[in-house]
Amino acid sequence: QVQLVESGGGLVQPGGSLRLSCAASGFAFDDYAIGWFRQAPGKEREAVSCSSSFDASTFYPDSMKGRFTISTDNAKNTIYLQMNMLKPEDTAVYYCAAGKLTISGSYSCSYLGMNYWGKGTLVTVSS
């Protein structure tokens, strides 16, 4: 049974930093792409970052490049999202997710491309 449990959300000032954690169980990182997504009220869920160990690929939208970093601690089965230089528009519920790789190692860093989701953790960026 795949489980993803986020933690680390909270209130942070603009320009500040947070590190989100996602405790993962029930799957091997080598077989799945992992990612972080976010959803603000009235907006669709959007990708923040995805990563695949199959080809060592990492994806960030341009707005997150240089500010957000996805990483894993495989020994601890934990996925991290380091968020720096946070902006009010980063306010959202953040979800970690996992999507099973195809046999060729491909995946889609998208809502439909992920098979499993955590319940989310709220990040509020405000003064």
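The values are calculated or read from the model by the stated rules, or taken from the named source; none is laboratory data. All of these numbers come straight from a predicted model, not from anything done at the bench. Methodologically, a virtual Cβ is constructed for each residue, glycine included, from the backbone with ideal geometry; neighbour enumeration extends over all protein chains shown. In case anyone asks, the SASA skips ligands and DNA or RNA and just uses the protein heavy atoms, side chains included. Shrake-Rupley method; radii C 1.70, N 1.55, O 1.52, S 1.80 Å.
Scanning the range 67-90 turns up one or more residues that are among the hydrophobic types (A, V, I, L, M, F, W, C) and in contact with a helix residue (DSSP H, G or I) (Cβ under 8 Å, 6 or more places away or on another chain). Total residues in the range 77-127 satisfying the condition of being over 20 Å from ASP31 (Cβ atoms), within 11 Å of the chain's Cα centre (by Cα) and among the small types (Gly, Ala, Ser): the figure is 1.
Among the residues of the range 71-92, the ones that are of a type in the set (S, T, N, Q), out of contact with any Lys or Arg (no Cβ under 8 Å at 6 or more places or on another chain) and touching a residue at least 40 places away in the same chain (Cβ under 8 Å) come to 5 in all.
Of everything in the range 109-127 that is under 17 Å from CYS22 (Cβ atoms) and touching a Lys or Arg at 6+ places or on another chain (Cβ under 8 Å), the residue that is surrounded by the fewest Cβ atoms within 10 Å (Cβ to Cβ) is ASN115.
Pairs linking a residue in the range 93-117 that is under 11 Å from TYR32 (Cα atoms) to a residue that is open to solvent by 20 Å² or more (accessible area, probe 1.4 Å) and in a strand (DSSP E or B), with Cβ atoms under 7 Å and 6 or more positions apart or on different chains, are ALA97/TYR116; ALA97/TRP117; ALA98/TYR32; ALA98/TYR116; GLY99/TYR32; LYS100/TYR32; LEU101/TYR32; ASN115/LYS100.
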